[in-house]
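> After the structure tokens below, expect a handful of questions from me.
Derivation of every value follows stated rules applied to the coordinates shown; laboratory data play no part. The shown structure was predicted, so the numbers you read here are calculated from the model rather than taken from an experiment. Glycine gets a Cβ as well: all are built from the backbone with ideal geometry, and neighbour counts include every protein chain shown.
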Amino acid sequence: MSQDNPLENALVRLDEAASHLDIDADVIEKLKFARETTKVRLMIRMDDGSRKSFIAWRCRYDDTRGPTKGGIRYHPESTAEEVETLAFWMTFKCAVMNLPYGGGKGAIQVDPRKLSKAELERLSRAYIQAFARILGPDRDIPAPDVYTNSMIMGWMADEYSQMVGQSSPAVITGKPIALGGSLGRDDATARGGFYLVRHLAADLGLSEELHVTIQGFGNAGQHMAKLMTSDGHKIVAVSDSEGAVYCASGLDVAALIHAKQNGRSVLATVGHGGHEALAAEDLVGVACDVLVPAAMEDMIHARNAGSVKAKLIVELANGPVTPEADAILEKMGVTILPDILANAGGVTVSYFEWVQNRQCYYWELEEIHSRLRVIMEREGRAIWNVAKDKGVTMRTAAYVHALLRLSQAIEAHGTQSDFVA
Ligand code: NAD
């Protein structure tokens, strides 16, 4: 994240939501600060025999509604403020979806591409050794995030199980299927966003065949491209960290995914099927109906928001639109389906994984899809109605919807009025 204090930006949204509700001041006092952020230095043996240390964090932001839940990110620019901001968003995301969780997040400040597989495994196991005291199926449940994957989750679950001396798959979600992972977790984030768009399409005045631009072509971006094309829409532009490609008549999604699976950039497809290279900074301004940020935070900001042509932004990434850009886009009449709703399919299927681990009974893929669709549509519709009733954006409505649930839980412990005569 680029700002000096990204949590301050996030808290702007809390204040905005609070202004639409009659809630106790205690609620804001509680949600303004993370309850616990732990920083450690992980020391591991490198392949060349030397020892190297890495800073790591785990934040449990708020656990009023249940054990904290949130991914672990491996990124060279991660900071404590970023981790707390992401944990704040998880608190609201779990409340938006009515999952029985609070919000958490973790990170290691590392560029995982510079480590061997064996070093990565040692680092991932060291993370669990350092944070085992905080973690647990009823305490804090991690999952994958940027640059972490199911293999890493499998190592972490194994390390935790070894430390507590019993099989404990529910301590972490996003595991490989063979180690207690859930069917449908791989595309859950994109699928949730996709179900949401389909459900609200008529209300949003979307046409039958949509032209879609996707920023970031990792897990979320690739699955969104697949789901949208299989539903008859066209992906006209995509980007990754190295550049962007464009094709007005629709990109060849299979070729793009093939390039990424072989460790290459989307740029490797230039020249194939009419794919043209596009300057990465021009991606946001491509003519299309739907723009899907699926990369990192703050990618749509005050300097490029004015160039957006899309009618709808679907935030699969966390925090891709800054508050300044939000204001510009609102004036332009662009609808934003906010991250805490649009990408909540991921944590929802993580919740299904945790439930299946605890009951030792595993569901069919159809059951996962249908349960996910029901929740996305239920919460999406409720937030749509809040937006219409209060005349606010979908983002503010999502925060209002979540804050109401959080405040009910916090106020259930008593408010000032319960304690003064
Ligand atoms: P990923 O690591 O699989 O993919 C990230 C992609 O973004 C990569 O293709 C990378 O090249 C690209 N990228 C990085 N910097 C970029 C830049 N400057 N311009 C364009 N592309 C850039 O990660 P992911 O799991 O797909 O997550 C993407 C976003 O979605 C993150 O914000 C993450 O927090 C959010 N998210 C993911 C999940 C999930 O289940 N995977 C769930 C909720 C939210």
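> I'd like to check something: does the stretch 91-100 contain any residue that is part of a loop (DSSP other than H, G, I, E, B), of a type in the set (S, T, N, Q) and closer than 25 Å to GLU16 by Cβ?
yes
> Something else: Here are SER350, SER370: which of them is within 16 Å of the ligand (Cβ to nearest atom) and of a type in the set (S, T, N, Q)?
SER350
> I'm trying to understand the selection: among the residues of the stretch 116-134, which are without any contact (Cβ under 8 Å) to a residue 60 or more places away in the chain and either touching a Pro at 6+ places or on another chain (Cβ under 8 Å) or in a loop (DSSP other than H, G, I, E, B) (or both)?
LEU120, ALA132, ARG133
> In addition: Within the stretch 234-274, which residues are touching a helix residue (DSSP H, G or I) at 6+ places or on another chain (Cβ under 9 Å) and more than 16 Å from the ligand (Cβ to nearest atom)?
Once the filter is applied, which keeps residues that are touching a helix residue (DSSP H, G or I) at 6+ places or on another chain (Cβ under 9 Å) and more than 16 Å from the ligand (Cβ to nearest atom), the stretch 234-274 yields LYS234, GLY250, ASP252, ALA254, HIS272, GLY273.
> For the subset of the stretch 362-421 comprising residues that are assigned to a loop (DSSP other than H, G, I, E, B) and among the hydrophobic types (A, V, I, L, M, F, W, C), which member is farthest from ASP339 (Cα to Cα)?
Residue satisfying both the conditions and the ranking: ALA421.
> So SER241 ticks every box in (1) crowded, with 18+ Cβ neighbours inside 10 Å; (2) within 19 Å of the chain's Cα centre (by Cα) but one. Which box is left unticked?
Of the numbered conditions (1) crowded, with 18+ Cβ neighbours inside 10 Å; (2) within 19 Å of the chain's Cα centre (by Cα), the odd one out for SER241 is (1).
> Can you name the residue in the stretch 207-225 that is under 20 Å from ASP282 (Cβ atoms) and not hydrophobic (A, V, I, L, M, F, W, C) and, of all such residues, is nearest to the ligand (Cβ to nearest atom)?
Per the stated criteria, the residue is GLY216.
> Which of (1) farther than 29 Å from ILE383 by Cβ; (2) in a helix (DSSP H, G or I) does SER249 not meet, given it meets every other one?
(2)
> Further, regarding this structure: Taking the criterion of being touching an Asp or Glu at 6+ places or on another chain (Cβ under 6 Å), part of a loop (DSSP other than H, G, I, E, B) and touching a residue at least 12 places away in the same chain (Cβ under 8 Å), would at least one residue in the stretch 5-12 satisfy it?
Yes, the conditions are met somewhere in the stretch 5-12.
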